[in-house]
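The values are calculated or read from the model by the stated rules, or taken from the named source; none is laboratory data. This is a predicted model, so every value here is computed, not measured. Cβ: placed from backbone, ideal geometry, glycine included. Neighbour counts: every protein chain shown.
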Amino acid sequence: MSEIVLYDYWRSSASYRVRIGLNLLSIAYRAVPVNLTTGAHRSAEHVARNPQGLVPVLDIDGRRLAQSLAILEYLNETRPEARLLPNEPGERARLRTVAYAIAMEIHPVCNLSVANHAAEISGGGEEAKAEWMRHFIPAGLAAVERLLDNPSTGRFAHGEAPGLADICLIPQLYNARRWGIDLSEMPTLIHIDAEAQKLDAFVRAHPDRVGPPA
Ligand SMILES: N[C@@H](CCC(=O)N[C@@H](CS)C(=O)NCC(=O)O)C(=O)O
């Protein structure tokens, strides 16, 4: 079997998602850091891996995959033991709604390259960037809190075991805290975060555990 290699960056939310997914499925991998702060993701070497110049990229099963949700769905579909989404179609759609609300709505708007550009063209510098984050992240997460107000939500977004929605949520909460966003009005999100932090798969994927590139 070919070696599984994850090209990632410690503070990248999308990479953090894939680290959690791999850990939950007990898939061992070698991490290769791509330093976003030095522009390594725009190097010819990395653009050859992913024409978008983004992390994560995963080499697995003789394939090279990008886009965290595509990677997670691939793992879910190819590993028989994987239960990242429930079987019932309505519940699957509900959990995908939560995952997409984070990964396709909050995250792209608050990607550092987007926020940096907004700060640059507004001339507002670091304060404009922080204001941008404080504008978009709480509104997005407040909607996720309401989406999770559902009888099927338990310790996690779907019952007692973590899945795709939680994998997207936990890195977004880490990111929100980095920007000093007040989550106190979001008890369900705080509760799920606390439950996730009890699990080794989430603890080992945490940016503080991974640390910056040497
Ligand atoms: N939708 C992509 C997002 C990937 C992404 O935006 N990655 C960020 C780090 S979280 C990145 O590589 N940023 C570099 C840049 O924006 O130049 C995914 O889910 O994989």
TODO: Kindly provide the set of residues from the stretch 12-41 that are surrounded by 19 or more Cβ atoms within 10 Å (Cβ to Cβ) and either within 15 Å of GLN52 (Cβ to Cβ) or near the ligand (Cβ under 10 Å from one of its atoms) (or both), ordered by number.
DONE: SER12, SER13, ALA14, SER15, TYR16, ARG17, VAL18, VAL34, LEU36, HIS41
TODO: Could you grab me the full set of residues in the stretch 146-170 that are farther than 19 Å from ASN76 by Cα and either buried (at least 16 other Cβ atoms within 10 Å of the Cβ) or hydrophobic (A, V, I, L, M, F, W, C) (or both)?
DONE: LEU147, LEU148, THR153, ARG155
- [ ] Quickly run through the stretch 172-214 and pick out the residues that are closer than 21 Å to GLY21 by Cβ, of a type in the set (S, T, N, Q) and part of a loop (DSSP other than H, G, I, E, B).
- [x] GLN197
Open item on the list: Going by what's in this entry, would GLU105 be described as more than 16 Å from the chain's Cα centre (by Cα) and either part of a loop (DSSP other than H, G, I, E, B) or not basic (Lys, Arg) (or both)?
Closed with: no
Open item on the list: If I filter the stretch 78-95 for residues that are within 15 Å of the ligand (Cβ to nearest atom), surrounded by 17 or more Cβ atoms within 10 Å (Cβ to Cβ) and in a helix (DSSP H, G or I), do I get at least one hit?
Closed with: no
Task: Selected residue (criterion: farthest from the chain's Cα centre (by Cα)) from residues of the stretch 164-214 that are basic (Lys, Arg) and over 22 Å from ASN111 (Cβ atoms) - done: LYS198
Task: Unique residue being touching a helix residue (DSSP H, G or I) at 6+ places or on another chain (Cβ under 8 Å) and without any contact (Cβ under 8 Å) to a residue 12 or more places away in the chain when the list is PRO89, PRO80, PRO108 - done: PRO108
Task: Cross-chain or 6+ apart pairs with Cβ under 7 Å, the stretch 141-152 first and free of Cβ contacts under 8 Å to residues at least 60 places away in the same chain, then surrounded by 14 or more Cβ atoms within 10 Å (Cβ to Cβ) and charged (D, E, K, R) - done: ASN150/ARG94
Task: Residue, farthest from the ligand (Cβ to nearest atom), within the stretch 51-65, restricted to residues that are free of Cβ contacts under 8 Å to residues at least 24 places away in the same chain and at negative phi - done: ARG63
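Just to be sure before I move on: is ILE71 buried (at least 18 other Cβ atoms within 10 Å of the Cβ), within 11 Å of the ligand (Cβ to nearest atom) and part of a helix (DSSP H, G or I) in the structure I sent? Give the steps one after another, and end with the answer.
Working: buried (at least 18 other Cβ atoms within 10 Å of the Cβ): yes; within 11 Å of the ligand (Cβ to nearest atom): yes; part of a helix (DSSP H, G or I): yes.
So ILE71 fits the description; yes.
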TODO: Among the candidates ALA28, ALA14, single out the residue that is more than 22 Å from SER152 (Cα to Cα) and either touching a His at 6+ places or on another chain (Cβ under 9 Å) or at pLDDT below 95 (or both).
DONE: ALA14
Task: Subset of the stretch 43-58 [surrounded by 13 or more Cβ atoms within 10 Å (Cβ to Cβ) and part of a helix (DSSP H, G or I)] - done: HIS46, VAL47, ARG49
Task: Lone unmet requirement of (1) touching a Phe, Trp or Tyr at 6+ places or on another chain (Cβ under 7 Å); (2) part of a helix (DSSP H, G or I); (3) within 14 Å of the ligand (Cβ to nearest atom) for ARG134 - done: (3)
